[in-house]
1. Identify all residues within region A:93-103 that are surrounded by fewer than 20 Cβ atoms within 10 Å (Cβ to Cβ), in contact (Cβ under 8 Å) with a residue 12 or more places away in the chain and farther than 29 Å from residue B:17 by Cα; write none if there are none.
2. Being more than 7 Å from every other protein chain (Cβ to nearest Cβ) and closer than 22 Å to residue A:97 by Cβ is the filter here; which residues of region C:77-88 pass it?
3. State whether the residues of region B:12-22 include one that is closer than 22 Å to residue A:81 by Cα, within 14 Å of chain A (Cβ to nearest Cβ), in contact with a helix residue (DSSP H, G or I) (Cβ under 8 Å, 6 or more places away or on another chain) and touching a residue at least 60 places away in the same chain (Cβ under 8 Å).
4. Restricting attention to region C:71-92, which residues are at negative phi and surrounded by fewer than 18 Cβ atoms within 10 Å (Cβ to Cβ)?
5. Considering region B:91-104 alone, what residues qualify as being over 24 Å from residue B:78 (Cβ atoms) and either in contact with a helix residue (DSSP H, G or I) (Cβ under 8 Å, 6 or more places away or on another chain) or assigned to a strand (DSSP E or B) (or both)?
6. For region B:89-116: of the residues being within 19 Å of residue C:94 (Cβ to Cβ) and modelled with pLDDT of 95 or more, which is farthest from the other protein chains (Cβ to nearest Cβ)?
7. Restricting attention to region A:29-46, does a residue exist that is touching a residue at least 24 places away in the same chain (Cβ under 8 Å), surrounded by fewer than 19 Cβ atoms within 10 Å (Cβ to Cβ) and within 10 Å of the chain's Cα centre (by Cα)?
8. Would you check if residue B:34 is facing chain A (nearest Cβ under 10 Å) and touching a strand residue (DSSP E or B) at 6+ places or on another chain (Cβ under 7 Å)?
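The values are calculated or read from the model by the stated rules, or taken from the named source; none is laboratory data. These numbers come from a predicted model, not from an experiment. Counting neighbours? That spans all protein chains shown, and the Cβs are built from the backbone with ideal geometry, glycine included.
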């Protein structure tokens, strides 16, 4: 889910011209990450993460003995990361040419929430 | 090792009401990361990291030719990350429902040290 | 590519004594990361990343159907991370004993650019 415009709007509303913007998933089976806005790549991420940390068999993870079945989502999130910190210059997210911010959910059972914190002057 | 309370205490002592808290491992074979406070999951992380970057045979890593045997720890740390940046709101770490901060050591031969830097107002 | 001295120079020029330094790759197939300044280890990273996300066959990645052949570079960058945030204390990068900042390019076809943003007082 591309959240770049939402974050950019929040930066604009904050009035901050020069500073840092922290953007993190509030859920521990999810990630906020920066990469290309290209659906094929997002498909590749899903396939690749499933290869590195397969969902099934769920019995392979001790976390799932607690009654959960989402241990793999906690692993996938560590690869993709929890947060990004983006520079703010002249009131805007100071990005490289293809940088876009995404929210990735690897479990899917929770309502999506992202923390955006903007500091500067 | 759960360091959430220690970091929270430092935020309180700083008097900062609104800002950012950087928390990073000072050792390059260790991580500071945010995830669930559930021992089964931590066991799963260890197993999974060992699968993705096995310790043995130590001869598979060129770094170990320097006399070290911890090349795998430097790899594991990249998956888990070096640092977290957490928002501070109303004088507290502004967490999602299950977020807790952990220090993970993948080598184990050094004294544990974590940097906590708090900025804001 | 070790960029520690360049970043340290920018911190010095900024005059900031106490704050945070964000340092991120501006390209989405590249990373800025902190680890050991040891060439053997850097070789190990390359081998390991190639094992976890092989370049070939390029047809295994849907992203490459767009005419690119660098899907693997976008995956490798997620493992190594986009950015680091480093504490600044007394006008210097506040590092652990072996911490050094590196730029890692996994595609190699673009001009290297890194964002350095320094805030504080």
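1. A:98, A:100
2. Selection gives C:77 alone.
3. Yes, because at least one residue in region B:12-22 is closer than 22 Å to residue A:81 by Cα, within 14 Å of chain A (Cβ to nearest Cβ), in contact with a helix residue (DSSP H, G or I) (Cβ under 8 Å, 6 or more places away or on another chain) and touching a residue at least 60 places away in the same chain (Cβ under 8 Å).
4. Of region C:71-92, the ones at negative phi are C:71-80, C:82-89, C:92.
If the condition is that a residue be at negative phi and surrounded by fewer than 18 Cβ atoms within 10 Å (Cβ to Cβ), then C:89, C:92 are the ones that fit.
5. B:91, B:92, B:93 - these are the residues of region B:91-104 that are over 24 Å from residue B:78 (Cβ atoms) and either in contact with a helix residue (DSSP H, G or I) (Cβ under 8 Å, 6 or more places away or on another chain) or assigned to a strand (DSSP E or B) (or both).
6. Of region B:89-116, the ones within 19 Å of residue C:94 (Cβ to Cβ) are B:101, B:103, B:110-116.
Narrowing further to those that are modelled with pLDDT of 95 or more: B:101, B:103, B:114-116.
Details: B:101: 11, B:103: 13, B:114: 9, B:115: 6, B:116: 8 Å.
So the residue we want is B:103.
7. No, region A:29-46 contains no residue that is touching a residue at least 24 places away in the same chain (Cβ under 8 Å), surrounded by fewer than 19 Cβ atoms within 10 Å (Cβ to Cβ) and within 10 Å of the chain's Cα centre (by Cα).
8. Yes: the conditions hold for residue B:34.
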